[in-house]
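Enquirer: Could you have a look at this structure, given as structure tokens, before my questions?
The values are calculated or read from the model by the stated rules, or taken from the named source; none is laboratory data. Note that this is a predicted model, so its numbers are computed, not measured. Glycine also receives a Cβ, built like all others from the backbone with ideal geometry; neighbour counts cover every protein chain displayed.
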Amino acid sequence: MIGRLRGEVIAKHPPQVLIECAGVGYEVEAPMSTFYELPAVGESVTLVTHLVIRDDAHVLYGFRSDHDRALFRALLRVTGVGAKMALAILSGMDATRFAQCVEQEDVTMLSRLPGIGKKTAQRLVMEMKDRIAELGHAPALSQSVIAGEALTPAAVVDDPLADAISALIALGYKPADANRMARAADDGAKTSEEIIRAALKSVTPS
């Protein structure tokens, strides 16, 4: 089991980051809450990880904190929730906001996340209440995340809008919805990460 990676960021294509460790490049899927805090390409990063083994692939998921990984693993135990949906949940809202939704039984807010209907949202509330209490409080977000800024400049990409649309589709949004959300959030001067952040914020406002 791969539990942690420490290496150099080689490429960033949300929600995937390529990290080179001792000459080996690991493709890691990361929720946007983690992606926003990644350093620039060429810099060093450490992520705690969770490996999902499927018949057709081995997928490595990376997180900025042990708490986020613990929440991801708890979500995987919910009936009908797979790794892709858990990634979308942690991308659409941070751990603190998710805990609030569960505690307040806010099915409406949870239903705004991609792939989550009313029944799934109700199941999340029902099955996660005790687990949220066991996990305890999430560590405070860094001031850069609260302010809506990345810690370091994002990697340069040829087409930030296209990259953002691809990322939203990867998180579970339908192509038409991803296109609409990204275009509405783009002002022509944003990075792909900024477009994604604005698009997700329009769906699940704090």
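Enquirer: Go through the range 36-75 and give me each residue that's modelled with pLDDT of 90 or more and aromatic (Phe, Trp, Tyr).
Expert: Tyr61, Phe63, Phe72 - these are the residues of the range 36-75 that are modelled with pLDDT of 90 or more and aromatic (Phe, Trp, Tyr).
Enquirer: Also, quick follow-up: Is it fair to say Ile10 is on the phi < 0 side of the Ramachandran plot, in contact with a strand residue (DSSP E or B) (Cβ under 6 Å, 6 or more places away or on another chain) and in a loop (DSSP other than H, G, I, E, B)?
Expert: Taking the combined requirement at face value, the residue does not satisfy it.
Enquirer: Further question on the same structure: Filtering the range 32-65 down to residues that are more than 14 Å from the chain's Cα centre (by Cα) and touching a residue at least 60 places away in the same chain (Cβ under 8 Å), which residue is surrounded by the fewest Cβ atoms within 10 Å (Cβ to Cβ)?
Expert: Top of the filtered list is Glu43.
Enquirer: Further question on the same structure: Residues in the range 1-37 that are out of contact with any Leu (no Cβ under 8 Å at 6 or more places or on another chain) and under 25 Å from Met85 (Cα atoms): how many?
Expert: Number satisfying all stated conditions: 6.
Enquirer: Name the single residue that is surrounded by the most Cβ atoms within 10 Å (Cβ to Cβ) among those in the range 10-31 being touching a residue at least 40 places away in the same chain (Cβ under 8 Å) and not hydrophobic (A, V, I, L, M, F, W, C).
Expert: Per the criteria, the residue is Pro14.
Enquirer: Please tell me if Arg131 is modelled with pLDDT of 90 or more and in a helix (DSSP H, G or I). Step through it out loud before you land on a result.
Expert: Numbers: modelled with pLDDT of 90 or more: no; in a helix (DSSP H, G or I): yes.
Taking the combined requirement at face value, the residue does not satisfy it.
Enquirer: Among residues belonging to the range 20-31 that are within 17 Å of the chain's Cα centre (by Cα) and aliphatic (A, V, I, L, M), point out the one that is nearest to Ala74 (Cα to Cα).
Expert: Ala30
Enquirer: Can you find a residue in the range 93-103 that is assigned to a helix (DSSP H, G or I), buried (at least 21 other Cβ atoms within 10 Å of the Cβ), touching a residue at least 40 places away in the same chain (Cβ under 8 Å) and under 14 Å from the mean Cα position of the chain (by Cα)?
Expert: yes
Enquirer: Another question, then. Filter the range 188-201 for residues that are at negative phi and modelled with pLDDT under 85; which is farthest from the chain's Cα centre (by Cα)? Don't jump to the end; show me each part of the working.
Expert: At the first step, the residues of the range 188-201 found to be at negative phi are 189-201.
Next cut, modelled with pLDDT under 85 only: 189-190.
Working: Ala189: 23, Lys190: 19 Å.
That would be Ala189.
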